[in-house]
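Student: Before anything else, here's the structure in question.
The values are calculated or read from the model by the stated rules, or taken from the named source; none is laboratory data. Note that this is a predicted model, so its numbers are computed, not measured. Note: ideal-geometry Cβ built from the backbone for every residue, glycine included; neighbour counts use all protein chains shown. These accessible areas exclude ligands, DNA and RNA; they are computed on the full protein's heavy atoms, side chains included. Shrake-Rupley method; radii C 1.70, N 1.55, O 1.52, S 1.80 Å.
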Amino acid sequence: MSTIISVTDLSKSFSSHTALNQINFTVEEAELICLIGPSGCGKSTLLRCLNGLELLDSGSVQIGDVKLERHNGAQPRDFQQKLRALREEVGMVFQSFNLFPHLTVLENAIKAPMVVRKMSRAAAEERARSLLDKVGLGNRVDYYPAQLSGGQQQRAAIARALTMSPKVMLYDEPTSALDPGLVGEVLNIMRQLDEEGMTQIVVTHEMRFAREVADRIVFLHHGELVESAPPEELFTTPRDERTRQFLKDFL
């Protein structure tokens, strides 16, 4: 495997609050990484920095061949161009689905490939229908988001992200807004993508999923990356007292 994501000395602050402090880690192709930690520790901010929704204050993020960095708070001239290129390589799934309510499931899925990739409608529809079949929504393509359950909406959001053929999928607590009975159907899609070799980073509180499926767990605390280890190592013999306390409180 080769490195597909490299984060170097990434820092991000909001006013006087330091959300991320000197974060360093890499992700290999086809890895599934789970980001865990207490609320407010910087997990979602880190994810949003990875696809440029938040601009890093210092350090760099590289995904594939695209590298984002700032020098003394300044943006390089080609920053916006790089930002667009990076977002074309990264699929993002939010906890609140973010589907367009006035578009059908199919129309939601074909919009980005047609606008961003300049794909023909016929080609976009063919790909979208295939992916909607994949996530179990082949019989719901003409439904509007309001006609779907929360689990179905999240699966539609995953299919929409996949239509762009991303190299990496990012998920920001994708099951937190779902009823407990619907969580499994979304996690199963992520398991399937993992088996197919998709690189994925998941912010999650689903510790059972993290333990069973993740290749590596990354634990954040107060904006710092405390430790990173395979699930069995981190859950059974965490090195840092902050990790031990979090797992004790959470589990």
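Student: Taking a ≥ b ≥ c as the square roots of the Cα gyration tensor eigenvalues, with a/c under 1.5 meaning rounded and otherwise prolate when a/b beats b/c, else oblate, which class fits the stretch 8-99?
Tutor: Here the stretch 8-99 falls in the rounded category.
Student: Largest first and in whole Å, give the semi-axes of the stretch 129-216's equivalent ellipsoid, each being the square root of 5 times a Cα gyration tensor eigenvalue.
Tutor: In descending order the semi-axes read 21, 16, 10 Å.
Student: Kindly report the accessible area of the stretch 27-78 per residue (heavy atoms of protein chains, probe 1.4 Å, no ligands, DNA or RNA), in Å².
Tutor: Accessible area per residue: 40 Å².
Student: Something else about it: Taking Cα atoms, how many degrees apart are the long axis of helix 105-115 and the longest axis of the chain, rounded to 10 and kept between 0 and 90?
Tutor: The two axes meet at around 80 degrees.
Student: Express as a percent, rounded to the nearest 5, the fraction of DSSP beta bridges in the chain (both residues included) that run antiparallel.
Tutor: Approximately 60 percent, going by the DSSP bridge assignments.
Student: Here is a follow-up. When we measure straight from the Cα of Lys248, which lysines land under 21 angstrom away, once same-chain ones fewer than 8 places off are left out?
Tutor: Those lysines meeting the cut-off are Lys43.
Student: Here's something else I'd like to know. About the Cα centre, and with charges only on the beta carbon of Lys, Arg (+1) and Asp, Glu (-1), how big is the dipole of the chain? Nearest 20 debye, please.
Tutor: On the way: 28 positive and 33 negative charges, 157 e Å.
It works out to roughly 760 debye.
Student: Under the rule a/c < 1.5 gives rounded, and otherwise a/b versus b/c splits prolate from oblate, where does the stretch 1-40 land using the Cα gyration tensor? Show your work: numbers first, answer last.
Tutor: Values: a/c = 4.33, a/b = 1.83, b/c = 2.37.
Oblate, since a/c reaches 1.5 and b/c is not below a/b.
Student: Would you calculate, for the chain, the mean residue ellipticity at 222 nm contributed by helices, counting each DSSP H stretch of 4 or more residues as -39,500 (n - 2.57) and dividing by all residues, to the nearest 500? Write down the numbers at each step before the final one.
Tutor: Working: 9 runs with 96 residues, N = 251.
Taking each H run of at least 4 residues, the total per residue is -11500 deg cm²/dmol.
Student: Rounded if a/c is under 1.5, else prolate if a/b beats b/c, else oblate: with a ≥ b ≥ c from the C-alpha gyration tensor eigenvalues square-rooted, which is the chain?
Tutor: Note, shape of the chain comes out oblate.
Student: Taking only C-alpha pairs under 8 Å that are 6+ residues apart, what is the relative contact order of the chain in percent?
Tutor: This gives 25 percent for the chain.
Student: If you take the Cα Rg of the stretch 59-125 and divide it by 2.2 N^0.38 Å, with N the number of residues, what do you get?
Tutor: It is 1.42.
Student: Give me the percent of the accessible area of the chain that comes from carbon and sulfur atoms, probe 1.4 Å, all protein chains in place.
Tutor: On the way: 5310 of 11580 Å².
Heavy-atom surface of the chain belonging to carbon and sulfur, 1.4 Å probe: 46 percent.
Student: Report, to the nearest 10°, how far helix 241-250 tilts away from the longest principal axis of the Cα atoms in the chain, using its own Cα long axis and a range of 0 to 90°.
Tutor: 40 degrees
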